[in-house]
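Q: Questions regarding the structure given below will be posed in turn.
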Amino acid sequence: MEKLVSEVSSEESLINRILMEVLPKIKPAEIVRSRLIAIYEAIRGIVQRCLEAKSLMNFEISLQGSAAKDTFLNDEVDLDVFVLFNPANYGIEWINKEFVGIITKCLQDQGYSTIVKYAAHPYVTTYFDGVEVDIVPALRIENPKNIISAVDRTPFHTQYVKSKLYEERSKDEVRLLKAFLKAWNLYGAEIRVQGFSGYLVELLIIKYKSFLNVLKASQSWRAYKTCIEIEEYYGDERVCRKNFKKDVLVVVDPVDPNRNVAAALSLKSYAYFKMLARLFLEKPAKEFFEVEHETGVSINELVKLIEERQRNLGSCIIALYYTVTKNSPDVVWGQLKRIQRVIRNTLEKYGYKWVYVDSWVNDEMSKALTVVEVIDCSNYEVHTGPPAYDVEAINFLKKNFNAIIGPWIEEKGNIVCIRKRKHDPVEIIQKAIEAFTPTSVKVKEVKNIASVNDIQLISDSNFTIWFKNFLYRKHFNKIAKIVGKN
């Protein structure tokens, strides 16, 4: 097998042995690639006939995405089939209203199942010989500066990457970085992940030449201060950063220099990647590329964990149950992230300490929930008043003479009592969310999880795995195993 790094030092020989062991597991065989091309040609013909049957003209069908660039992984076999329309004849409004209906009906009439999904605008997902195929409408633009929607930029991205990553070795380096990120749930720019998109991975390999070089370079990146360029449009890092002040990391899009390809990357994902890169360089192991397949636990075991948590920490687990009203993952997850912020801010406003808050959505995009763990959920709180010598001390005493314990004067002179809380965490969260009025998820119930019935409201095996992880939060267990093994 060809070496993955051109110049290998003795310190890097172990890393290269690991990479050469990992690559065959993640790289699609030639027969898989040939099969995908055959499926694309078949779908291309079907879509063309569907559109021509409606007397539609001035369109072009092309393969885009990682399959077109030959940078896809063994376990991400899908196709992005773009239908590019001449903007002189068709507009966004026509695409949104007419295209999806035409393609959906035509495919269904031929026995294909379809799902309408949403990104910049609607597109159609179907399945052909077991392969997921996204049929995406876009406008055929001559200059990327004149795009009308985000998907119009995709053909320019595909063309650019293919012009730079034409060697097989370079494509393999992309696969290694993708697999590394995927193993730690850092692959994907969608709001749920807020990680590295496939295009971002490809640009990093174009810039740094290899997977190993990307890991090394990342150690000198500085949050909110680093700008990475391939075409040197800005030339000066400070000038570049002025254009993207709010972004953790900037990777300038060579197709559109006013766009940051890393804009979706969160500070959490950025920090996690830098730490993992450092660990791999120090303690290389093939396990860094392996996805852990977790098992759930029974509902009764989850209840026991909650009860144990309540005894040991005095915390409570509050859940918001939703029905999902929109079918766009990014829209739903964007709303859930905002709800999480509302919950955190509301609890802090009323003096509650939250430990952790997270959300879950089922695969069908029909059910969702947000769970928050709150410390000290008792009905009573320590209420500290003014110093006894303060003019307001008497008023404090009058208001709190009926406190459960106290009032008394503490060592620093303040008057203190233990009183019944005025605000229940479930109630204040519920009121805050009602005021927020989310539109993509509808709140069914807000409640303190305390019984089997509360958990069984979500009957989904993936939920039990997620909820177990929410309770344990052993995010670094896998790292501990790898480091301990070495």
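Q: With +1 on the Cβ of every Lys and Arg and -1 on the Cβ of every Asp and Glu, and nothing else charged, how large is the dipole of the chain about its Cα centre, in debye rounded to the nearest 20?
A: 1240 debye
Q: Still on this structure, please answer the following. Just from its helices, what would the mean residue ellipticity at 222 nm be for the chain, if runs of 4 or more DSSP H residues each count -39500 (n - 2.57) and the sum is divided by every residue, rounded to the nearest 500 deg cm²/dmol?
A: The helix-only estimate for the chain comes to -13000 deg cm²/dmol at 222 nm.
Q: Assigning unit charges at the beta carbon (Lys, Arg +1; Asp, Glu -1) and nothing else, what dipole magnitude in debye, to the nearest 20, does segment 30-150 show about its Cα centre?
A: Result for segment 30-150 is approximately 340 debye, rounded to the nearest 20.
Q: Do the alpha carbons of any pairs in LYS164/LYS246; LYS171/LYS474; LYS242/LYS286 sit beyond 31 Å of each other, and which pairs?
A: Listed pairs above 31 Å: LYS171/LYS474; LYS242/LYS286.
Q: On to the next question. Using the alpha-carbon atoms, what tilt in degrees (0 to 90, nearest 10) does helix 13-26 show relative to the longest principal axis of the chain?
A: The angle comes out near 80 degrees.
Q: Follow-up question, since we're still on this one. Classify segment 30-150 as rounded, prolate or oblate, taking a ≥ b ≥ c as the square roots of the eigenvalues of its Cα gyration tensor: rounded when a/c is under 1.5, otherwise prolate if a/b is larger than b/c and oblate if not.
A: Verdict is oblate for segment 30-150.
Q: Is there a pair in LYS178/LYS367; LYS145/LYS225; LYS182/LYS478; LYS304/LYS337 whose C-alpha atoms are over 23 Å apart, and which pairs would that be?
A: Pairs exceeding 23 Å: LYS178/LYS367; LYS145/LYS225; LYS304/LYS337.
Q: Can you compute 3J(HN,Hα) from phi for each residue in segment 433-441, using the Karplus curve 6.51 cos²θ - 1.76 cosθ + 1.60 with θ = phi - 60°, rounded to whole Hz and x for Gly and Pro?
A: Listing the rounded values in order: 6, 4, 5, 6, 6, x, 10, 8, 10 Hz.
Q: Helix 267-282: angle to the longest alpha-carbon principal axis of the chain, degrees 0 to 90, nearest 10?
A: On a 0 to 90 degree scale, this one is about 70.
Q: Could you tell me which of VAL116, SER62, CYS50 has its Cα farthest along the dipole of segment 30-150 towards the positive end, charges placed at Cβ (Lys, Arg +1; Asp, Glu -1), taken about the Cα centre?
A: So the residue furthest toward the plus end is CYS50.
Q: Amide H neighbours of ASN86 under 5 Å, counting only residues 5+ apart in sequence or on other chains, H built in-plane at 1.01 Å?
A: It is ARG140, by chain and number.
Q: Compute the angle between helix 168-183 and the longest alpha-carbon principal axis of the chain, please, reported from 0 to 90 degrees and rounded to the nearest 10.
A: Here the helix axis deviates by roughly 20 degrees.
Q: Same structure, new question: Would segment 78-235 count as rounded, prolate or oblate if I go by the C-alpha gyration tensor, calling it rounded below 1.5 in a/c and otherwise prolate when a/b exceeds b/c, oblate otherwise?
A: The shape class here is prolate.
Q: Taking θ = phi - 60°, what integer Hz values does the Karplus form 6.51 cos²θ - 1.76 cosθ + 1.60 yield along segment 109-124, in sequence order, with x for Gly and Pro?
A: Calculated HN-Hα couplings, in order: 4, 9, x, 8, 7, 9, 10, 8, 10, 9, 9, 5, 7, x, 9, 10 Hz.
Q: Which Cα, out of PRO407, ILE479, LEU265, lies furthest along the positive dipole direction of the chain (beta carbon charges, K/R +1, D/E -1)?
A: My answer, from the dipole projection, is PRO407.
Q: On a full-extension model of 0.36 nm per residue, what is the gain between SER149 and ASN58, subtracting their alpha-carbon distance, rounded to one decimal in nm?
A: Net length gain for the segment: 30.9 nm.
Q: Follow-up question, since we're still on this one. List the residues whose amide H sits under 5 Å from the amide H of LYS444, counting only those 5 or more places along or on another chain, with H placed 1.01 Å from N in the peptide plane.
A: Close amide H contacts, sequence-distant or interchain: TYR321, TYR322, THR323.
Where a number appears in this text, it was derived from the coordinates with a stated rule and is not lab data. Fair warning: this is a prediction, and the values are worked out from it, not measured in the lab. Heads up, the Cβs are rebuilt from the backbone with ideal geometry, glycines too, and the neighbour counts pull from every protein chain shown.
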